[in-house]
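S.K.: First the structure, then my questions, so here it is.
The values are calculated or read from the model by the stated rules, or taken from the named source; none is laboratory data. Computed from a predicted structure; not experimentally measured. Methodologically, a virtual Cβ is constructed for each residue, glycine included, from the backbone with ideal geometry; neighbour enumeration extends over all protein chains shown.
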Amino acid sequence: MDLERLLASPQALLSQRVTEVSTPGTGIPVGISLRVSDDKAQHAGAEEWREVGEQVIEQFKDLVHFARTLDEELEIIRIYNDNNTPATDPFLIREGFEACLRDLESATIRGILFWHADRFARMDYDAARVNRIFLMHPDYIGRSVKGGTDLSTDDGRAWFTMQATMGGMEVSSLKRRTSTTNKNRAKKPDYQHGGRRPFGWEEDRKTLNAEEAADLLEAIRAIPKGRRVGEVRREWIAKGYMPERNKNSESQLNLSHSTVEQRLVNPRNCGYKTYLSRSDRRKSGRPWMPDHVVYEDGEPVIGEWETVCTPEEWAACVEELERRKADNREGRRKPHDTASKYLLSGTARCGICNFPLTFNPYTKGTNAYEKYGYRYACLTTHGGCGGVSRVGPPVEQLVEDAFLRRVLDGIGNASTDEPQIDESQYDGRLGEIQVELNEINARWKAKRISSGRALDMIEELESERSSLSKKRRKLLAQKNRKKVEGEKDLRWEDCTPGEKKKRLRKLIKAVIVHPVGRGRREFDPSAIEIVWQE
């Protein structure tokens, strides 16, 4: 076995996860396991292989020399390289480690050498898998350069499990401290994490992109008025607003519904800072960022960048989208109904059986199609009686005119004695929660309470804080809604069908379409009954 040649060519060591050095010879066939959790040289973009894998190469050298000091005659036939791979992440599959276990189980190798126990396994689950194999094959060799681990003995396996467990606890503690540090950093107004350029801003992440910010603001204001996310998506696709990761793609269909939604509810739009730990990010595929706003003394931390909208406008947009999601979950609205096209769908009803009328297009090429395009009909295929059908555009125009007259008559009659909405009523308790969290952490660090007790108390307080934060956001949304409802400029012609439907439903409970005599050609307004909200 020419180990010296391999040491002189580290490219072969790092080119793949499993390297076959030689075929079994006269010695006991074994493998060696190499691992470094975070190869900093590799992140730094080092060009030389020796610099990139410097730490695992040093492990390899130590293991080769260690093999020569053992009493048994060993033949190193395979190298399992998990460089730059954490061993405490249950979501990651270590290819080298898994290949090593397979080879041990199949007796391709009859032993494994590793630098230290925590380089080979750092979770009790992985340690148990290794121990099982060595219990089944007591003649196998399992030794470490550092730490004195010997997997062929009961004491060695017990010590190996203990080291893996303690190593996992050490890493968990480190992650917890790192998470706390990162969250404290996020509370600094001038601190910004890396990543892609957020939609609406320039590359400096502080200055607004004039065109994107204007379209984003328009959409944020329009969502509470009834505009659908699907409508916004179509408009943005037409303007070429692709995700940053697909900016070089020829197709612009990569702008998904969820991406548009995330852009609309991004707390950064109104200046709020957010923090999302890696564990929280993994709890769901796409986290709801409004729930991850950073608070200091009970108030949201404001970042040092130009804002797209006010907190009230942002909160109103978030609340409306949350309401729609709740409706979807409870079955009150068809899933993925993201774009409203027809004004009276869901509002118009049959004057005979009171069944909801359905949009129904006329057959292409007919005079009715050329003149009107579609109708509202009580369809038997949907459960109706089939006794009413009426051309769509004239009915919609009649309802629009009646609605606008009603609104204009009511302008200026709003009461000025309504109580003011105070969204800061929860700030005091939010501040107290932060103080209590700091006290719990201080007691835990001083070892005055156990980790389990500290976590229970922290989770309870964090749950309360999340609930109060949502209530605060709802108050902001109500404040913005009152402001919007008080505007005299309706801008009806600029509204999308979804926005018009939302406004209509505030005043109109239903539109009853009564039957008319057979053979009548002209539209009869008297057969349309508008039922107003009380």
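S.K.: Can residue 282 be described as part of a helix (DSSP H, G or I), at pLDDT below 90 and not polar (S, T, N, Q)? Break it down stepwise before answering.
M.R.: Working: part of a helix (DSSP H, G or I): yes; at pLDDT below 90: yes; not polar (S, T, N, Q): yes.
Yes, satisfied.
S.K.: I'd like the residue in the stretch 188-231 that is in contact with an Asp or Glu (Cβ under 8 Å, 6 or more places away or on another chain), basic (Lys, Arg) and buried (at least 16 other Cβ atoms within 10 Å of the Cβ) and, out of all such residues, is modelled with the lowest pLDDT.
M.R.: 225
S.K.: Identify all residues within the stretch 207-223 that are touching a Phe, Trp or Tyr at 6+ places or on another chain (Cβ under 9 Å) and of a type outside the set (D, E, K, R); write none if there are none. Explain how you work it out, then say what you get.
M.R.: Going residue by residue through the stretch 207-223, those that are touching a Phe, Trp or Tyr at 6+ places or on another chain (Cβ under 9 Å) are 207-209, 212-213, 215-216, 219-220.
Of everything in the stretch 207-223, those that are touching a Phe, Trp or Tyr at 6+ places or on another chain (Cβ under 9 Å) and of a type outside the set (D, E, K, R) turn out to be 207, 208, 209, 213, 216, 219, 220.
S.K.: Okay, next question. Go through the residues of the stretch 392-409 one by one and say whether even a single one is within 30 Å of residue 264 (Cβ to Cβ), modelled with pLDDT of 80 or more and of a type in the set (D, E, K, R).
M.R.: yes
S.K.: Any residue at all in the stretch 136-147 that's β-branched (Val, Ile, Thr) and under 25 Å from residue 69 (Cβ atoms)?
M.R.: Step one: of the stretch 136-147, the residues β-branched (Val, Ile, Thr) are 141, 145.
Keeping just the survivors that are under 25 Å from residue 69 (Cβ atoms) gives 141, 145.
Scanning the stretch 136-147 turns up at least one residue that is β-branched (Val, Ile, Thr) and under 25 Å from residue 69 (Cβ atoms).
S.K.: Name every residue in the stretch 67-120 that is in contact with a strand residue (DSSP E or B) (Cβ under 9 Å, 6 or more places away or on another chain), surrounded by fewer than 21 Cβ atoms within 10 Å (Cβ to Cβ), part of a helix (DSSP H, G or I) and at pLDDT below 90, in order of residue number.
M.R.: 68
S.K.: OK, next. Residues that are surrounded by fewer than 17 Cβ atoms within 10 Å (Cβ to Cβ), on the phi > 0 side of the Ramachandran plot and modelled with pLDDT under 90: does the stretch 43-53 have at least one? Walk me through how you get there before you give the answer.
M.R.: As a first pass, look at the stretch 43-53 and keep what is surrounded by fewer than 17 Cβ atoms within 10 Å (Cβ to Cβ): 43-51.
Subsequent filtering for residues that are on the phi > 0 side of the Ramachandran plot retains 45.
The next check asks that each one be modelled with pLDDT under 90; those that pass are 45.
Scanning the stretch 43-53 turns up at least one residue that is surrounded by fewer than 17 Cβ atoms within 10 Å (Cβ to Cβ), on the phi > 0 side of the Ramachandran plot and modelled with pLDDT under 90.
S.K.: So, one more: May I ask you to list the residues in the stretch 289-311 that are of a type outside the set (Val, Ile, Thr) and either more than 24 Å from residue 464 (Cα to Cα) or buried (at least 22 other Cβ atoms within 10 Å of the Cβ) (or both)? Before you say what the answer is, go through the steps one by one.
M.R.: Applying the first criterion (of a type outside the set (Val, Ile, Thr)) to the stretch 289-311 yields 289-292, 295-300, 303-306, 309, 311.
Answer for the stretch 289-311, where residues must be of a type outside the set (Val, Ile, Thr) and either more than 24 Å from residue 464 (Cα to Cα) or buried (at least 22 other Cβ atoms within 10 Å of the Cβ) (or both): 303, 304, 305, 306, 309, 311.
S.K.: State whether one or more residues within the stretch 141-158 are of a type in the set (D, E, K, R), assigned to a strand (DSSP E or B), modelled with pLDDT of 90 or more and in contact with an Asp or Glu (Cβ under 8 Å, 6 or more places away or on another chain). Give the steps one after another, and end with the answer.
M.R.: Going residue by residue through the stretch 141-158, those that are of a type in the set (D, E, K, R) are 143, 146, 150, 154-155, 157.
Next cut, assigned to a strand (DSSP E or B) only: 143, 150.
Adding the requirement that they be modelled with pLDDT of 90 or more leaves 143, 150.
Going one step further and asking which of them are in contact with an Asp or Glu (Cβ under 8 Å, 6 or more places away or on another chain), we end up with 143.
Yes.
Okay, residues lined up against (1) modelled with pLDDT under 75; (2) assigned to a helix (DSSP H, G or I); (3) assigned by TED's automatic domain parsing to the domain that holds residue 295:
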| site | (1), (2), (3) |
| --- | --- |
| 444 | no, yes, yes |
| 461 | no, yes, yes |
| 466 | no, yes, yes |
| 471 | no, yes, yes |
| 475 | no, yes, yes |
| 480 | yes, yes, yes |
| 493 | yes, yes, no |
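S.K.: Residues being aliphatic (A, V, I, L, M), at pLDDT below 75 and within 38 Å of the chain's Cα centre (by Cα): count how many of those fall in the stretch 335-378.
M.R.: Quick first cut of the stretch 335-378, residues aliphatic (A, V, I, L, M) only: 339, 343-344, 348, 352, 357, 368, 377.
Adding the requirement that they be at pLDDT below 75 leaves 339, 368.
Filter again for within 38 Å of the chain's Cα centre (by Cα), leaving 339.
Qualifying residue count, the stretch 335-378: 1.
S.K.: Residue by residue through the stretch 297-313, note down the ones that are in a strand (DSSP E or B) and under 13 Å from residue 274 (Cβ atoms). Don't jump to the end; show me each part of the working.
M.R.: Filtering the stretch 297-313 down to residues in a strand (DSSP E or B) leaves 299-300, 302.
Within the stretch 297-313, 300, 302 meet the criteria.
S.K.: Continuing with the same structure: Is one or more of the residues making up the stretch 10-20 within 26 Å of residue 140 (Cβ to Cβ), at pLDDT 85 or above and surrounded by 19 or more Cβ atoms within 10 Å (Cβ to Cβ)?
M.R.: Looking for residues that are within 26 Å of residue 140 (Cβ to Cβ), at pLDDT 85 or above and surrounded by 19 or more Cβ atoms within 10 Å (Cβ to Cβ), one finds none in the stretch 10-20, hence no.
S.K.: Being at pLDDT below 90, among the hydrophobic types (A, V, I, L, M, F, W, C) and in the same structural domain as residue 63 (by TED's automatic domain parsing) narrows it down to one residue among 136, 123; which is it? Give the derivation first.
M.R.: On the way: 136 fails: at pLDDT below 90.
Only one candidate qualifies: 123.
S.K.: Of the conditions (1) at pLDDT 90 or above; (2) in contact with a His (Cβ under 7 Å, 6 or more places away or on another chain), residue 275 clears all except one; give me its number.
M.R.: The single condition residue 275 does not satisfy is (1).
S.K.: Please work out which one of (1) closer than 26 Å to residue 59 by Cα; (2) at pLDDT 85 or above; (3) loosely packed, with under 13 Cβ neighbours inside 10 Å is the condition residue 162 fails and give its number.
M.R.: Unmet condition: (3).
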